[in-house]
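I have placed the structure first, in the form of structure tokens, so that the comments after it can refer back to it.
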Amino acid sequence: MRSGRNRRKWIYVLLLMGLLGLSGCGSPSSASVEMSSQTELVKTGSMELQYAENFAVDYYEDGYKMLTTLPDSKRYLLVPEGQPVPQGLDEDVSILQEPLQNIYLVASGVMDMFASVDAVEQIRFSGQKQENWYIQTAKDAMAAGDMIYAGKYSKPDYELLVSEGCDLAIENRMITHSPEVVEMLQSFDIPVMIEYSSYEQHPLGKVEWVKFFGALTGKEAKAEEAFAEQTEILEEVESGEKTGKTIAFFYVTSNGLIQVRQSTDYIPKLIELAGGRYIFENLEDSGSGRSTLNMQVEDFYAGAKDADILIYNSSIDGGVTTVDELIGKCNILKDFKAVQEGQVYCTTNDMYQQSMAVGYLLQDMHTVLTDDDTAKLRYLFLLQ
């Protein structure tokens, strides 16, 4: 198996060798490697984080930065334009030469962070087609031809990425199911970065990843501003009423199971911060690394039938528009307390991609819990 995979890899290498020469995208030149022997990294400080626990950013003299994704211990050294590659680096450190201008973004939840720091122009390749984006700046960039579709995570267009000089692929955790893709990208000197914002247990830890991508794109100040806007919303909501009402956040799968969030996920924490309680308080599949669990309908009924509020997650199937439509997906929902009392909500389709809107979703949940004016909702809507 391994020998067959290696043969395929080298067939790609041989076919695209000429393209590599034209693209200018590859290992540092011999001149820069020679200069590197004269340069050492001198650390000057580290990025301060409030909630995020799964990345780190360290700063060094002359503008060098080391970005680390902690779950997989991967390190990426950002080398300022015109500066040499430092000496004595560990072999596992990926070199990113600034300015990054041809990023391949597959992790769609990150696009909103790039948009919030005005760095969408640094993304040349998209893992989503234009019609699948809810981020307007991404749709506009693809309409203008400034951003182009380069294939989904499991089937990237290697020839396109190499010929146009891709300098970094940003993936989500789905890429771990396609290790051969990572191997192939790296064989073409394209570093692969996995973002782990979904690992964050605090909602603002997830949002704080904007600082990581702010450092990556040289937009730290804008990232700080975007993050501060969300923390201000949290402070406002936390000072409000704590109702103690229960919420069940769920999705009906295509095979009739009910998908819910583990108690350690950021959604249950968001519900708590908004002044409510997640109905499944001790639901955890430790060691799975997943934020969701699938359960039988009967188990969902037993645990959630008396929940005060139901919220249907539309990010997978496009959602529903009426209570009857929701009951059509799962008939036993008609007996739920929230259905009978008219307390059933649905998320908007764009919620998953709107990663910088966690604060606004927090506001929405607080509004729902306090029976405030539902006309103010942004990412939730009441089902009729």
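Of all residues in the stretch 60-111, count the ones that are small (G, A, S), within 19 Å of A223 (Cβ to Cβ) and out of contact with any helix residue (DSSP H, G or I) (no Cβ under 9 Å at 6 or more places or on another chain).
1
List every residue pair whose Cβ atoms lie under 9 Å apart, where the two residues are 6 or more positions apart in sequence or sit on different chains, the first residue falls within the stretch 287-316 and is over 25 Å from F381 (Cβ atoms), and the second residue, located anywhere, is of a type in the set (K, R) and not in a helix (DSSP H, G or I).
Close Cβ pairs (under 9 Å, with a partner that is of a type in the set (K, R) and not in a helix (DSSP H, G or I)) amount to L293/R261.
Within the stretch 329-384, work out how many residues are among the charged types (D, E, K, R), within 23 Å of the chain's Cα centre (by Cα) and in a helix (DSSP H, G or I).
At the first step, the residues of the stretch 329-384 found to be among the charged types (D, E, K, R) are 329, 334-335, 337, 341, 350, 364, 371-373, 376, 378.
The next check asks that each one be within 23 Å of the chain's Cα centre (by Cα); those that pass are 350, 364, 378.
Okay, now just the ones that are also in a helix (DSSP H, G or I), so 364.
So the answer is 1.
Just the residues that are of a type outside the set (S, T, Y) and surrounded by 15 or more Cβ atoms within 10 Å (Cβ to Cβ), please, taken from the stretch 39-62.
Let us first name the residues in the stretch 39-62 that are of a type outside the set (S, T, Y), namely 40-43, 45, 47-50, 52-58, 61-62.
Answer for the stretch 39-62, where residues must be of a type outside the set (S, T, Y) and surrounded by 15 or more Cβ atoms within 10 Å (Cβ to Cβ): L41, M47, L49, A52, E53, N54, F55, A56, V57, D58.
In the stretch 241-260, what residues are without any contact (Cβ under 8 Å) to a residue 24 or more places away in the chain and within 13 Å of I271 (Cα to Cα)?
none
Step by step: first the residues of the stretch 198-210, then only those that are assigned to a helix (DSSP H, G or I) and open to solvent by less than 10 Å² (accessible area, probe 1.4 Å), then the one that is modelled with the lowest pLDDT. Which residue is that?
P203
The values are calculated or read from the model by the stated rules, or taken from the named source; none is laboratory data. Model, not experiment: these values are computed from the prediction. Every residue, glycine as well, gets a Cβ built from its backbone with ideal geometry; the counts of neighbours run over all protein chains shown. Please note that ligands, DNA and RNA were not included when accessible areas were found on the heavy atoms of the full protein model with its side chains. Shrake-Rupley method; radii C 1.70, N 1.55, O 1.52, S 1.80 Å.
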